[in-house]
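To start, the structure itself, in structure tokens.
The values are calculated or read from the model by the stated rules, or taken from the named source; none is laboratory data. In this text, all values refer to a predicted model and were calculated from it rather than measured experimentally. Neighbour counts are summed over all protein chains in view; Cβ atoms, including those assigned to glycine, are modelled from backbone coordinates with ideal geometry.
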Amino acid sequence: MENTKELRTWLDDMNLAHPLVIAGPCSAETEEQVLKIAHELKDSDVNYFRAGIWKPRTRPGMFEGVGEIGLRWLKKVKEETGMKTCTEVANAAHVKLAIENEVDLLWIGARSTVSPFIMQEIADALQGTDKIVLVKNPVNPDLALWLGGIERLYTAGIKNLGAIHRGFSTYEKSKYRNIPEWQLAIEFQNRFPDLPLICDPSHITGNRAMIFDVSQTALDLNLDGLMIETHTDPDNAWSDAAQQVTPDSLKQIMKDLKIRKETNTEAEYQISLDNLRAQINVVDNQMIDLLGKRMKVADEIGALKKDKNVAVLQSKRWNEILGNMILEGESKGLSEEFVLKMFKAIHQESINHQEKIINGL
Ligand code: PEP
Ligand code: MN
């Protein structure tokens, strides 16, 4: 992908004073539900009205979307509210129907991005379209796979492109439904700074209470927009009930978010600073997470030592760790003094943990 600047023309041309906003229900359920939500979102910052028509569900027997009939409801949304519309497409038949029914923007879901066959089928079906196409990240944290999917569309002559960061599934327990792994979004921006990148805090959090914070982080990291699932009766939604917000909450979220436009050098400085601070926060959170993991392993070692009646402190092992870490640190530009201090503190915490376990505290 050579001329990535061209890929964001569709977004630049919109000349928005705020990030791009896509909102609407996870799923289209009934004509009344779709139109009710659309009318409540009409006078807001929403640029595109979303509704899933074909729903990829984890297990069979769950609500899999209303299908083709929902496209007629989206047409009505356009006629009655003037809002542009979007939906997820997952195969060539979906693409054909969505284009025939004048859906304005199509997105490709996380479960499709993981499959190069599906991505190629969709790219072939979209060949040369001037529709906006956004590609969600694959469910697993694989930047190359994400970019590969986008590249397939680019090669098929689709020039109005963008991506959606919706978090990554993980085996480990987490407060998120899909962990954000912000460093991947940052890496994405470093590789393709002009490709619009939008955040989907709904699928990252899985929980409406956390949507504001994740949205603010996304904006601080200079992402270009937000896709937020919105429903007039979230608790009774047919899919993703816990993560949907009401139209009023969405408006409040948009009002409360710190949104800045570059206007002068002072503002530019502030934006750069906020962006770098957001990056530091990402790394700090990763460090705490890793230290927590390290202490869990130390606890397990403590339990083993207790079993075998072995002393907590074993200096030979400790000196080995230190020597290795000083070398590693040097290669990353960290002073020996700093590495020593840091590892002494970490080691002390491990000993405290192990002593607690050995003494049954
Ligand atoms: C959706 O947007 O409703 C959806 C199914 O998202 P994802 O592909 O991110 O799971
Ligand atoms: Mn959803």
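In segment 249-261, the residue that is farthest from residue 275 (Cα to Cα) out of those that are at pLDDT 95 or above and away from ligand 1 (no atom under 16 Å from the Cβ) is 249.
Quick grid of which residues meet (1) of a type in the set (Phe, Trp, Tyr); (2) surrounded by 15 or more Cβ atoms within 10 Å (Cβ to Cβ); (3) at pLDDT 85 or above:
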site	(1), (2), (3)
235	no, no, yes
239	no, yes, yes
247	no, yes, yes
263	no, no, no
269	yes, no, yes
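For segment 58-148, the strands (runs of 3 or more DSSP E) that sit wholly inside it and include 2 or more residues that are among the β-branched types (Val, Ile, Thr) are 84-88, 132-136.
When segment 25-57 is examined, which residues are found to be surrounded by fewer than 16 Cβ atoms within 10 Å (Cβ to Cβ) and either within 13 Å of ligand 1 (Cβ to nearest atom) or outside the structural domain of residue 230 (by TED's automatic domain parsing) (or both)? Within segment 25-57, 56, 57 qualify.
Among the residues of segment 225-240, are any under 20 Å from residue 35 (Cα atoms), within 15 Å of ligand 2 (Cβ to nearest atom), among the aliphatic types (A, V, I, L, M) and part of a helix (DSSP H, G or I)? Within segment 225-240 (the criterion being under 20 Å from residue 35 (Cα atoms), within 15 Å of ligand 2 (Cβ to nearest atom), among the aliphatic types (A, V, I, L, M) and part of a helix (DSSP H, G or I)), the answer is no, since none of the residues qualifies.
You will find that of 299, 248, the residue that is in the same structural domain as residue 43 (by TED's automatic domain parsing) and either free of Cβ contacts under 8 Å to residues at least 12 places away in the same chain or out of contact with any strand residue (DSSP E or B) (no Cβ under 9 Å at 6 or more places or on another chain) (or both) is 248 and no other. Of 87, 30, all but one fail to be β-branched (Val, Ile, Thr) and within 16 Å of residue 129 (Cβ to Cβ); the exception is 87. Going by the conditions given, is residue 285 outside the structural domain of residue 172 (by TED's automatic domain parsing) and either without any contact (Cβ under 8 Å) to a residue 12 or more places away in the chain or in contact with a strand residue (DSSP E or B) (Cβ under 9 Å, 6 or more places away or on another chain) (or both)? Here the answer is yes, as residue 285 does meet what is asked. Condition first: modelled with pLDDT under 95 and in contact with a strand residue (DSSP E or B) (Cβ under 9 Å, 6 or more places away or on another chain). Now tell me which residues in segment 220-233 satisfy that. Hits for segment 220-233 are 221, 222.
Of the helices (runs of 4 or more DSSP H) lying entirely inside segment 153-220, the ones with 1 or more residues being among the polar types (S, T, N, Q) and more than 16 Å from ligand 2 (Cβ to nearest atom) are found at 182-191, 211-220.
For segment 30-65, name all the residues that are over 26 Å from the mean Cα position of the chain (by Cα) and of a type outside the set (D, E, K, R). Across segment 30-65, the qualifying residues are 30, 33, 35, 39, 61. Could you list all residues from segment 234-267 that are among the polar types (S, T, N, Q) and closer than 20 Å to residue 178 by Cα? Across segment 234-267, the qualifying residues are 239, 243, 244.
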